[in-house]
1. Can you list residue pairs whose Cβ atoms sit under 8 Å apart, with the first residue in the range 384-398 being open to solvent by less than 60 Å² (accessible area, probe 1.4 Å) and the second being part of a loop (DSSP other than H, G, I, E, B)? Count only pairs 6 or more apart in sequence or on different chains.
2. If you check SER336 against the conditions, is it part of a helix (DSSP H, G or I) and without any contact (Cβ under 8 Å) to a residue 40 or more places away in the chain?
3. When you check ALA150 against the structure, is it part of a helix (DSSP H, G or I), modelled with pLDDT of 50 or more and on the phi < 0 side of the Ramachandran plot, yes or no?
4. Any chance you could count how many residues in the range 306-346 are aliphatic (A, V, I, L, M), under 19 Å from the mean Cα position of the chain (by Cα) and open to solvent by less than 80 Å² (accessible area, probe 1.4 Å)?
5. Going by the conditions given, is VAL437 among the β-branched types (Val, Ile, Thr), outside the structural domain of LYS320 (by the TED database), surrounded by fewer than 17 Cβ atoms within 10 Å (Cβ to Cβ) and without any contact (Cβ under 8 Å) to a residue 40 or more places away in the chain?
6. Out of (1) touching a residue at least 24 places away in the same chain (Cβ under 8 Å); (2) open to solvent by 30 Å² or more (accessible area, probe 1.4 Å); (3) within 21 Å of ARG341 (Cα to Cα), the odd one out for ALA406 is which?
7. Select from the range 257-277 the residues that are part of a loop (DSSP other than H, G, I, E, B) and either open to solvent by less than 50 Å² (accessible area, probe 1.4 Å) or in contact (Cβ under 8 Å) with a residue 24 or more places away in the chain (or both) and write down the one among them that is farthest from GLN201 (Cα to Cα).
8. Across the range 192-214, what is the number of residues that are closer than 18 Å to ARG341 by Cβ and part of a helix (DSSP H, G or I)?
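The values are calculated or read from the model by the stated rules, or taken from the named source; none is laboratory data. Predicted model only: the values in this text are computed from it and were never measured. Virtual Cβ from ideal backbone geometry, glycine too; neighbours counted across all protein chains shown. Only protein heavy atoms, including side chains, enter the accessible area calculation; ligands, DNA and RNA are left aside. Shrake-Rupley method; radii C 1.70, N 1.55, O 1.52, S 1.80 Å.
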Amino acid sequence: GILCLNSRLALNDHVAAAMQIKTPPMTAVLAFQLDGWEYQPPAGDQMCFGYLWGAQVLTSRPRTRCLFLQPVSTAFNNRRPNSTQVSASLSSSSIAADSENAAQPPSSHRARLLEELPSPPVSAASTSAKLAALHARLSLPAQVPLQTLARTLVDPTADPDSRFNNESLSILGRDLLGYYTAEYLICNYPRLPMDVLFAAQAAYVGPKALATIAREWGVEAAAEPGGEVDPGLLQFRRVKPGFREDEHSIAGTGRPNEAMPWRRGISSRVVYDDEFGQLQRARATDPNEPPSTTQEDASKNFIRALIGVLQLHTGRKVTKQFFENHFLTRTLNLASLFDFRYPTRDLSRLCAREGFESPVARLISETGRASVHPVFVVGVYSGRDQLGQGVGSSVDEAKVRASAAALKAWYLYSPLEAVRPSEVEEGDPGRKWKPNVIDCGEIIT
C-alpha cells in the first residue's frame, strides 16, 4: 500500500511539473475593451481573447458578439426636431438620457430611436459599405460627399422632409437630363420629326431607361424605409399589390379645352406635356394612407437627383462628361422609331417642297416571280438620283419600303461637324461656335 501511495504522489508531481502554468493575461492588453464595450463571449467561442479572461471582469449582456465584430461606438446625435415622422418618444428626457449614455454600446433604446426616424441619420453614411461601393463604382469625384449621395437614395415617400429627401435635387437633374438629351438630338439630327424626338428622349432618359440604368449600377432597394436601413439602399414606400396607375391619377393636363374630346396635336404636346410628350398626371393620394410609389419612379428620381448633385458639387463640365459616359454611350437605333402610314405620299410632298423632281419607282432586279417566294428590288429615283431602295415579296411592297427608306435617309441627316451650345459655354478656347442646321420641319399630310 505504501508503494502504491508513493507511486501516485510521484505521478502527480510529474504531471504538475510537466504542465505549463497558465496565468490570466494582463488587464492592460485588453484595456480598450473597457471603454464602454464590455465583452460577453458567445457559447463555445474558444478563439476570443475574452474567453481566457477571468469571469470577474465580464458583465452579462443580452447581445453576445465577438470582440472583433463589434462596431465602433459612436454617439447618436443626429436628431430631426422638425421631422413629421418622429414620434413623441424623442422628448427632452430621452435625449438627455441618450447623451449621458453616449459612450456606452448600442442598445435596444437606440434601435427604437432609429426605427422611429423616417430615413437613416446623416452620420450613418460615413460607415455604410454599400454607399462607399456605389460611390467608387460610379467613379464619382471626391467633391461629392457620401452624405449627399445618401440623400439621393431617399425618396419623398420615405421621408417627407425636404431637407433629407431627393425631391429638390431630382427636379434639377430632370431639367439637366432633358436639356442635354434634346441638345444632342437636335444638333446632331436637325430634321427629326417631333414624334421621333420625343421617343428618342424617352429611350435615353425616360423612366424605364433610368430604372434600367439604376439596376445596371447595382442599386438595391430596401423592403421598407426607416432609420435602421442601410444608407446605401434605395428607400421608398412601395405601393400596395394590385395598384393601377391609371385608376389613381388625377385628370388635368392644363389644356383650356380639356373637356372637349379633341385630339392632342404636336403643338399642344410641346406646350402642355412633359419632355417626352406624355401627359403630366398627378397621382391621387388617400389621406388615410401614406404616399407610395413604384420602384421605377424611385429609381428615376434617384438618377435625376444624382445628376443634380453633380451639377451643384462639381460643375457643368464634370456633369456633362458623366452624362455622356453613362447615357449617350448607349446604342439607340433611331431608324427603328419611324412609323410611316403613307410613305409614298409623304415622299412626293417632300420632293415638291424641296424643289426636287417627282419620285419615280423603278424595278432594279427580281427573282422567282413564278415561285412561291418571289423577291423584288425596287428603287425610288428623283431624276437620276436614287433616294431609296427596298426589297419585298411584291412590287408594291418593295415600292413602299423604298419610299420609307428615302424618308429615313432625309430625316436622319447628320452634319459632319455639330457644335453644341453647352460645349462653347464651357470656355474651351479651341472650340468655336458654329451655327447649326435648322430645318423647316417635317412633312404634314
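1. LEU387/PRO359; SER394/PRO374
2. Working: part of a helix (DSSP H, G or I): yes; without any contact (Cβ under 8 Å) to a residue 40 or more places away in the chain: yes.
Spelling it out, SER336 is indeed part of a helix (DSSP H, G or I) and without any contact (Cβ under 8 Å) to a residue 40 or more places away in the chain.
3. Yes; evaluated as a whole, the condition is true for this residue.
4. 6
5. No.
6. Going through (1) touching a residue at least 24 places away in the same chain (Cβ under 8 Å); (2) open to solvent by 30 Å² or more (accessible area, probe 1.4 Å); (3) within 21 Å of ARG341 (Cα to Cα) one by one, ALA406 breaks only (2).
7. As a first pass, look at the range 257-277 and keep what is part of a loop (DSSP other than H, G, I, E, B): 257-265, 273-277.
Checking which are either open to solvent by less than 50 Å² (accessible area, probe 1.4 Å) or in contact (Cβ under 8 Å) with a residue 24 or more places away in the chain (or both) leaves us with 265, 273-277.
Values: GLY265: 18, ASP273: 14, ASP274: 11, GLU275: 8, PHE276: 6, GLY277: 10 Å.
So, considering only residues that are part of a loop (DSSP other than H, G, I, E, B) and either open to solvent by less than 50 Å² (accessible area, probe 1.4 Å) or in contact (Cβ under 8 Å) with a residue 24 or more places away in the chain (or both), the one farthest from GLN201 (Cα to Cα) is GLY265.
8. Total meeting the criteria: 5.
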